[in-house]
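The values are calculated or read from the model by the stated rules, or taken from the named source; none is laboratory data. Keep in mind that what you see is a predicted model, and the values were worked out from it rather than measured. Methodologically, a virtual Cβ is constructed for each residue, glycine included, from the backbone with ideal geometry; neighbour enumeration extends over all protein chains shown. To get the accessible areas, we keep the full protein, side chains included, count just its heavy atoms, and leave off ligands, DNA and RNA. Shrake-Rupley method; radii C 1.70, N 1.55, O 1.52, S 1.80 Å.
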Amino acid sequence: MLQCIFLLSDSGEVMVEKQTTAHRVDRAICGWFWDYVLAHAAGDASKVLQVVVSPTHYLFQVCRNGVTFLACTQVEMPPLMAIEFLSRVADVLTDYLGDLNEDIIKDNFVLVYQILDEMMDNGFPLTTEPNILKDMIIPPNIVSKMLNVVTGKSSNLGNKLPDATASYVPWRTTVIKDASNEVYVNIVEELDACVNREGALVKCEAYGKIQVNSSLPGVPELTLSFANPTIINDVRFHPCVRFRPWESSQILSFVPPDGQFDLMSYRVKKLKTTPIYVKPQLTSDSGNCRVNVMVGIRNDPGKPIDSITVQFPLPPLIASADLTANYGTVDILADQTCLWTIGQIPKDKAPSLSGNLRLEEGLTHLHTFPTFQVKFRIMGVALSGLQFDKLEVKNTPSAPYKGFRAQTRAGRYEVRS
């Protein structure tokens, strides 16, 4: 049971306070938590543990775009439930407001408070489905904002309770308007990899989501199967998924919500290769550090690899940097990081970055070498190898249109130097 929820800015300011039970939590707990963040993570809440024990409360926190969602309780409860609920609150607010930052939260304070009021009842999660919430609390738009200014009305609450609240599938409304009788299923993956100084692949994993965009009439029954379900681990499902068919046959059977939602998430461990290689070489002597970085395709996925960037922090005690590339653009950012934007790798040459780092006076060798962060995107391919087998749709008046798509992008892809 969560007794209170706070929304904090990146400076520790309390933007929203929602007491969920009769027991009132003093706002001083936020001051204790921020002192903890300053002491353990230099003011970056995203780097502290998601579960923190204070002298008086158990604290749970999720950080999104500089906004910290902090929940408090004094009773024993499953920590994953609290973290999952806070993550769902962040997702719902992002869906409503388009983005999430301090200014947006303050500009839409009333809306945020109404959403929190509907999502939790007496400390327990109540309504967490965005489709139902949008029937209860109308999302803001330009017209509604102008009417609110003219009329002085500040509430977006609907006049009646959504029909889905009385349904046996509460994530889906009973009457779908303007259903185009189509469903799209996407695989979206992030590749996490770590390459050591010798160029050996230490870790390579794919974290993926199955995203569905459904516009089907009635109450359709969908069955989705994979060609190779045994490769996936650590699955997490949307509440619409029936667990028993998955447990027995690795088949996803569900009645989908209307609109876009995440059907499941998963992880694929121990991948053997990466689509591109990054080979950094740094040699330091006589007050200089020579830098040479090469990028190329290691394992061609069969689709274009685009949006390639390589970023690394300049080592401390650097007086000046002179870096150039034979392809792409090189920028030294305000936070003393070098950003090399490549885009797509050309067929006629391998992109390379080279240059010289001048050390400060009195230093002869560089003792700290940077870690290179790599980003890329591949449309049309899931690098984990996960493939759909078939999608069956029942209880619809006619055969719907089905669309499938895949995408992979780099997550935490690090190359040590």
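Annotations
- Restraint check, 269/394; 47/106; 47/209; 203/402; 18/269; 106/303, Cα-Cα greater than 32 Å: 269/394; 203/402; 18/269; 106/303
- Compared with the dominant Cα axis of the chain, that is its longest principal axis, helix 28-41 is turned about 20°.
- Scaled against 2.2 N^0.38 Å for its residue count N, the alpha carbon radius of gyration of segment 242-285 is 2.25.
- For segment 244-383, the per residue solvent-accessible surface stands at 52 Å², with DNA, RNA and ligands left out and a 1.4 Å probe.
- Per-residue HN-Hα couplings for segment 332-348 [Karplus 6.51, -1.76, 1.60; θ = phi - 60°; Hz; x = Gly/Pro]: 9, 7, 5, 8, 6, 10, 9, 10, 9, 9, 9, x, 9, 6, x, 7, 8
- Normalising the average separation of contacting C-alpha pairs (under 8 angstrom, six or more residues apart) by the number of residues puts the relative contact order of segment 300-417 at 32 percent.
- Against the main long axis of the alpha-carbon atoms of the chain, helix 142-151 sits at an angle near 60°.
- Protein heavy-atom accessible surface, 1.4 Å probe, per residue over segment 1-95: 45 Å².
- Cα Rg, Dmax (largest Cα-Cα span) when computed across segment 318-417, Å: 22.3, 79
- Considering only the chain, percent of DSSP beta bridges that pair antiparallel, nearest 5: 90 percent
- Charges were assigned to the Cβ only: +1 to each Lys and Arg, -1 to each Asp and Glu. The resulting dipole of the chain about its Cα centre is roughly 1120 debye.
- Estimated 222 nm signal from helices in the chain, with DSSP H stretches of n ≥ 4 weighted -39500 (n - 2.57), rounded to 500: -5500 deg cm²/dmol
- Local charge for residue 30 was computed over the other residues whose Cβ lies under 11 Å away, with Lys and Arg +1 and Asp and Glu -1, and equals -3.
- Local net charge near residue 221, Cβ-Cβ under 11 Å (Lys/Arg +1, Asp/Glu -1): +1
- The local environment of residue 50, defined by Cβ-Cβ distances under 15 Å, has a net charge of +1 under the rule Lys, Arg +1 and Asp, Glu -1.
- Pairwise alpha-carbon distances in the chain exceed 26 Å for 66% of all pairs.
- Residue 327 long-range amide H proximity, modeled H, under 5 Å: 352
- Pairs of Cα atoms nearer than 8 Å and 6+ residues apart set the relative contact order; for the chain it is 14 percent.
- Placing +1 on the Cβ of every Lys and Arg and -1 on the Cβ of every Asp and Glu, with no other charges, gives segment 1-145 a dipole of roughly 140 debye about its Cα centre.
- Gain on full extension, evaluated as 0.36 nm per residue between residue 250 and residue 369 minus their Cα-Cα distance, stands at 38.3 nm.
- Karplus (6.51, -1.76, 1.60) ³J(HN,Hα), θ = phi - 60°, over segment 7-17, in Hz, Gly and Pro reported as x: 10, 10, 7, 6, 10, x, 6, 7, 8, 9, 10
- In degrees, nearest ten, helix 79-97 long axis to first principal axis of the chain (Cα): 90 degrees
- Segment 1-101: translational diffusion in µm²/s, Stokes-Einstein, Kirkwood Rh over Cα pairs, 37 °C, 0.692 mPa s: 242 µm²/s
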